[in-house]
Amino acid sequence: MHPTAAAAESVRDFAARSTRSSVVVGTPQAAELAAVLTAAGASVEPEGSTGVEKLAMTGLPADRIGALAFDNGIQLNELTARTALEAAFVTPPPAEAGGFSLRRVGVATDQPGP
């Protein structure tokens with residue numbers, strides 16, 4: 001996106017485009033819950049350190065995850081919806097949109113810059 005286009009974008013549009021939502025679930029039945037949620041269309045990954053029964057998922061809202069756990073007799077110790085905007089601020093815009101490219105300045109490769 002060109003810098004002037006970014007300035008014209010509303011905060012609401014920017015947040016909608018840049019927000020990543022996920023749900024963190026704590027459960028002693030992580031494997032069972034992962035199978036149920038994957039079958040329902042969620043993307044499920046382990047969350048946190050080893051030995052902690054937590055999963056992070058995308059693709060289903062927290063209320064649907066809670067209902068599926070309840071319907072399948074799975075105990076939940078935590079059900080937390082998370083919304084993150086950090087990718088919008090940490091990831092630079094592509095070079096062709098006026099951002100910078102490490103490759104373009106010769107930092108990420110053995111090649112000299114232009």
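The charge dipole of the range 19-86, taken about the Cα centre with unit charges on the Cβ atoms of Lys, Arg (+1) and Asp, Glu (-1), comes to about 140 debye, rounded to the nearest 20. Close amide H partners of Arg82, meaning residues 5 or more places away or on another chain with modelled amide H under 5 Å apart, are Ser22, Val23, Val24.
Full-extension gain between Ala40 and Leu79, please, as 0.36 nm times their residue separation minus the C-alpha to C-alpha distance.
Full extension from Ala40 to Leu79 adds 12.3 nm.
If you wrap the tightest convex hull around every Cα atom of the range 19-86 and split its volume per residue, you get 76 Å³. Taking a Cβ cut-off of under 13 Å around Leu55, the surrounding Lys, Arg, Asp and Glu residues balance to a net charge of -3, with basic ones at +1 and acidic ones at -1.
Read-outs throughout are calculated quantities, based only on the coordinates presented, and are distinct from any laboratory measurement. Note that the coordinates shown come from a computational prediction; the quantities given were computed from them, not determined experimentally. A quick note on method: Cβ atoms are made from the backbone with ideal geometry, for glycine too, and the neighbour counts reach across all protein chains shown.
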